[in-house]
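Engineer: Quick one: the structure is below, questions incoming.
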Amino acid sequence: MLPLFKKPLLAYHAGLFILVVLTGLALSQLTSEYIILIAILVVEYVMMLVMMLHVYDKYMKPIKKTTQTVDELVKGNYRTRIHHSEQGSIGELNNKLNVLARNLSEFQIQEQVHEEQLSTVIDNTESGLVLIDEKGYIHLINRKFISMFGGKSHNYQGYLYYDVLAEETIHETVQQTFLYETNIKHTFTHTADVDPKYIEIVGAPIFNERGMLKGAVLLLYDITHLKKLELMRKDFVANVSHELKTPITSITGFAETLLSGAKDDKDSLDRFLTIIYDESTRLQGLIEDLLTLSKLEKDEFKITRTTVDINQLIDEILPVIEQQAKQKGITLTTDAKDNITLQADGEGIKQVIINLLTNAISYTSENGTVDLTAADEGESIHIHVSDNGIGIPRKAVPRIFERFYRVDKARSRNTGGTGLGLAIVKHIVEVHDGKILVESEPDQGSVFHVYLPKNEAASS
Ligand code: ADP
């Protein structure tokens, strides 16, 4: 386009000039009075100029303004508006354009709100999420996925899934989701850190409104916690079976021996019956401990707190424990000030003290010493059981509260231990919101500290 036509006013002006010149040439044929001719041309020029300016101002300028506004709308700037005072059809057009711009702007705001809501949900969901199109390109990846597999979203988005996701099971899930056009579920182990993570992946196909496959969404759940629970449960069942099998085998074996003739020999009868009795007692102890543990582990388990007098509790326990200590020649001392009370489950606290004292006696050689002290420390009651026995190796200390963990299996069995005593102690202390600490040195002895909140407010 000629540069002249880019400026309409200039172009009209040029046109007007040509028109005036042509009129002048035409009129010069009719008259030789140049003064009249020039006057006519000047009047014509001025009239045409006024008309032209009027047309420009009334029609061209508003159309130009409207065009600029439409251009802004096309660019996506929905906040643009036309400020005008025109009447008639141009004014009406401008009004309608303003309404359109307002509607588009509201629509855009709603879109943004929906988009933000969706991305908040996607980003804060507890499972990893990947959106793949039908060609295999990744369109979206959420925060959880990045926390599971590392990297940044730009390392994944826009790439083919098999180029950026190393895990073979993810590839299989995508391929099968595309192939069978149905939900596909798999599990795999992901080892990014030291601890492996167990992941469950679900691939779901996405269809368009005509039912054609448009891509797939992958959801990845971290099931490490569930897997660990399942392993623990399997271990526990295996341990319980093993623990039960030993005394039962022994009882059956000795009963069979007795039945097949040994009962006629007085010595054998006494010896075997004693073994059967001991093994039955062990079995009974194991079953009681298992029942106590399962009761404590129930979700709905709640302790019933009453006012517990520690001295009274110790008095009830001592006769049995003193008997055990005496049998091993162990000196047992107790030191508890009068009137140490707390709001707690009396039977539970009794069990804690019995288990700790029984262990202290079991794992202390003959002529050793075992001390029990209880003190009121203001907010909590501190129960302290110490011995100068075999102690616990440093690396075993964190494990002694695990079910069936024993530092020395044979020794624990010989002392009649079930391997559940400290697991029960820990549970009871925890349901009382207390804590238990251990200090131990091999061949020097062990000290168990139990801190129990007094919970006096609960009594008032
Ligand atoms: P157990 O029935 O075998 O005694 P516990 O759960 O009571 O089971 O204790 C777990 C393990 O902790 C024991 O097998 C023993 O090795 C160790 N243990 C507990 N108390 C003591 C202690 N006072 N001195 C030395 N070792 C101890």
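Engineer: Report the residue count in the stretch 402-438 for those that are within 7 Å of the ligand (Cβ to nearest atom) and within 22 Å of Ala374 (Cα to Cα).
Structural biologist: So the answer is 3.
Engineer: Do we find a residue being closer than 30 Å to Leu9 by Cα, part of a helix (DSSP H, G or I) and at pLDDT below 85 anywhere in the stretch 69-89?
Structural biologist: Yes.
Engineer: Next question. Give me the residue from the stretch 384-401 that is part of a loop (DSSP other than H, G, I, E, B) and within 9 Å of the ligand (Cβ to nearest atom) and, out of that set, surrounded by the fewest Cβ atoms within 10 Å (Cβ to Cβ).
Structural biologist: Out of the qualifying residues, it is Phe401.
Engineer: Which residue pairs have Cβ atoms under 7 Å apart, sit 6 or more places apart or on different chains, and have a first residue in the stretch 433-449 that is in the same structural domain as Ala423 (by TED's automatic domain parsing) and a second that is charged (D, E, K, R) and within 10 Å of the ligand (Cβ to nearest atom)?
Structural biologist: Hits for this filter: Ile436/Lys426; Gly445/Asp387; Ser446/Asp387.
Engineer: Which of (1) surrounded by fewer than 17 Cβ atoms within 10 Å (Cβ to Cβ); (2) at pLDDT below 95; (3) more than 12 Å from the ligand (Cβ to nearest atom) does Ser365 not meet, given it meets every other one?
Structural biologist: Exception for Ser365: condition (3).
Engineer: Just one of Ala336, Ala375 is away from the ligand (no atom under 16 Å from the Cβ), closer than 20 Å to His432 by Cβ and surrounded by fewer than 17 Cβ atoms within 10 Å (Cβ to Cβ); which is it?
Structural biologist: Only one candidate qualifies: Ala375.
Engineer: If we keep just the residues of the stretch 301-335 that are more than 18 Å from Ser365 (Cβ to Cβ) and among the basic types (Lys, Arg), which is nearest to the chain's Cα centre (by Cα)?
Structural biologist: Lys302
Engineer: Does Ile381 satisfy being in a helix (DSSP H, G or I) and over 23 Å from His242 (Cα atoms)?
Structural biologist: no
Engineer: Still on this structure: What do you reckon, is Ser412 in a strand (DSSP E or B), buried (at least 17 other Cβ atoms within 10 Å of the Cβ) and under 45 Å from the mean Cα position of the chain (by Cα)?
Structural biologist: The answer is no for Ser412.
Engineer: Moving on. How about the stretch 179-213: which of its residues are part of a helix (DSSP H, G or I) and either touching a Pro at 6+ places or on another chain (Cβ under 7 Å) or hydroxyl-bearing (Ser, Thr, Tyr) (or both)?
Structural biologist: The answer is Tyr180, and nothing else.
The values are calculated or read from the model by the stated rules, or taken from the named source; none is laboratory data. Predicted, not measured: the structure shown is a model, and the values here were computed from it. Using ideal geometry, Cβ is built from the backbone for each residue, glycine included, and neighbour counts are taken over all protein chains shown.
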